[in-house]
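Have a look at the structure below before the remarks.
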Amino acid sequence: MALGPPISKSEKLLLSQDFLSSTHGTIDCATCHGGQSPGDMASAYAGLVKDPSLNGEACVGCHEEIVQHYATSLHSTLQGQVALWRPGLSLALWRGD
């Protein structure tokens, strides 16, 4: 039984219709992920960023205020967890026992 030709990496991507019709789905992939715009598949993945939102660099062009807020938020800094588990602070004291 013949399976047919192999499928290229670019054809294996599964993007939902919801994403494709969203604002992010209508811009070129290279805008956020880097790499090269499609054309030469051999070099398209050069400089590719797998998770462009990880440090916010790819997002800051369109979402500057959000990126700045996130950089100092508890989600980013984990300061709340650092304060909770700092040496000398027992869980009983923190709970008010």
field: Sequence-distant residues sharing a close amide H with Leu48 (under 5 Å, placed H)
entry: Gly35
message: Please give me the summed charge of the neighbours of Val67: other residues whose Cβ is under 15 Å from its Cβ, Lys and Arg +1, Asp and Glu -1.
response: -4
field: Simple label model, 7 Å out from Cα along Cβ direction - Ser53 to Gln36, nm
entry: 2.9
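Can you give the charge dipole size of region 11-62 about its Cα centre, rounded to the nearest 20 debye, using +1 on the beta carbon of Lys and Arg and -1 on the beta carbon of Asp and Glu?
On the way: 2 positive and 6 negative charges, 13 e Å.
Rounded to the nearest 20 debye, it is 60 debye.
Just so you know, all these numbers are worked out from the coordinates, no wet-lab data involved. What you see is a predicted model; the values in this text were computed from it and never measured. Positions of Cβ are generated from backbone atoms using ideal geometry, with glycine treated the same way; all protein chains shown enter the neighbour counts.
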